[in-house]
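No value in this document is a laboratory result; all are computed from the given coordinates. All of these numbers come straight from a predicted model, not from anything done at the bench. Note that each Cβ is placed from the backbone with ideal geometry, even for glycine, and that neighbours are counted across all protein chains shown.
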Amino acid sequence: MAKMSPVPPKSLPTFSKVLPYILIITGVLGLLFAFLLMYDSIKIYINPHYIPNCNLNPVLNCGTVINSKEADVFGFSNPLIGVAAFPVLITSGVIVLSGVKLKRWFWLALDAGSFVGVIFMHYLFIESVYRIHAVCPYCFGTWIMTITAFWYLTLYNIQNRNIKLSKKYKPITDFFVRHHVDWLILWFLIIIGLILKHFWYYYGHYV
């Protein structure tokens, strides 16, 4: 009887080819959400009675968020940060697609910037849900884009040794790389779950 050859281990996914597309897509969508939010912020500044199109109900309500003090954390409208930051992702993706090999310091700086964005995004999430008691749909869109860009930038940098980790962490990083979509979806579901839990008084009667 012929011996069965062992099944080779499944190779890990790599992100070098797909990353520029992720950067461009998250950058374009994030910029769109930030621009729409900036537009509504200007309209409300001009006319306090203006009702944004993203005022869907008392919970999903851009107007409530825009009119809060948390909407101007640094003394200017928060969407300006997204309007400035997301084009960096778009430009980076286009540069990589053109065949330019970017330096390690650039990838680390881009990852560090996205990490700061993720921290700021979670701060805004906490403020929005637990202090303002409303969620802006456009803000939520920028949150998703920020998380996605950071996640894949970090995995790319680890795979390409831009972020140098000890070999003892390789099984852990390989696990995250192998299940990269699963962990990203879990991250989104936790955020959505916390929103639903907090606002269950409103959405519970629909179940």
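Please give the peptides 139-151, 176-188 ranked by average Cβ packing (other Cβ atoms within 10 Å per residue), highest first, as a rough proxy for protection.
The packing order, highest mean first, is 139-151, 176-188.
Which of the peptides 197-205, 111-119 is most tightly packed, and how do the rest follow, judged by the mean count of other Cβ atoms within 10 Å per residue?
Per-residue mean Cβ counts within 10 Å order the peptides as 111-119, 197-205.
Please compute the contact order of the chain in relative form: average sequence separation of alpha-carbon pairs under 8 Å and at least six residues apart, divided by the residue count, as a percent.
This gives 32 percent for the chain.
Run the helix sum for the chain: -39,500 (n - 2.57) per DSSP H stretch of 4+ residues, divided by residue count, reported at 222 nm to the nearest 500 deg cm²/dmol.
After summing the helix terms and dividing by the residues of the chain, the value is -21000 deg cm²/dmol.
Mind checking which of N53, N162, N78 has the largest fluctuation in a GNM of the chain, springs on alpha carbons under 10 Å?
Taking springs between Cα atoms under 10 Å, the residue moving most is N53.
If you place +1 on the Cβ of every Lys and Arg and -1 on the Cβ of every Asp and Glu, how big does the dipole about the Cα centre of the chain come out, in debye to the nearest 20?
1120 debye
For the pairs K43/K103; K103/K170; K17/K43; K101/K168, flag any whose C-alpha to C-alpha distance is greater than 31 Å.
K43/K103; K17/K43
If you average the C-alpha positions of the range 47-69 and of the range 115-148 separately, how far apart do those two centres end up, in angstrom?
Centre-to-centre distance over Cα atoms comes out at 16 Å.
Name the residue from V28, F15, F76 whose Cα lies farthest towards the positive end of the charge dipole of the range 1-115, charges +1 on Cβ of Lys and Arg and -1 on Cβ of Asp and Glu.
F15
Using the Cα centre of the range 137-204 as the reference point, and only Cβ charges (+1 on K/R, -1 on D/E), how large is the resulting charge dipole? Debye, rounded to the nearest 20.
It works out to roughly 400 debye.
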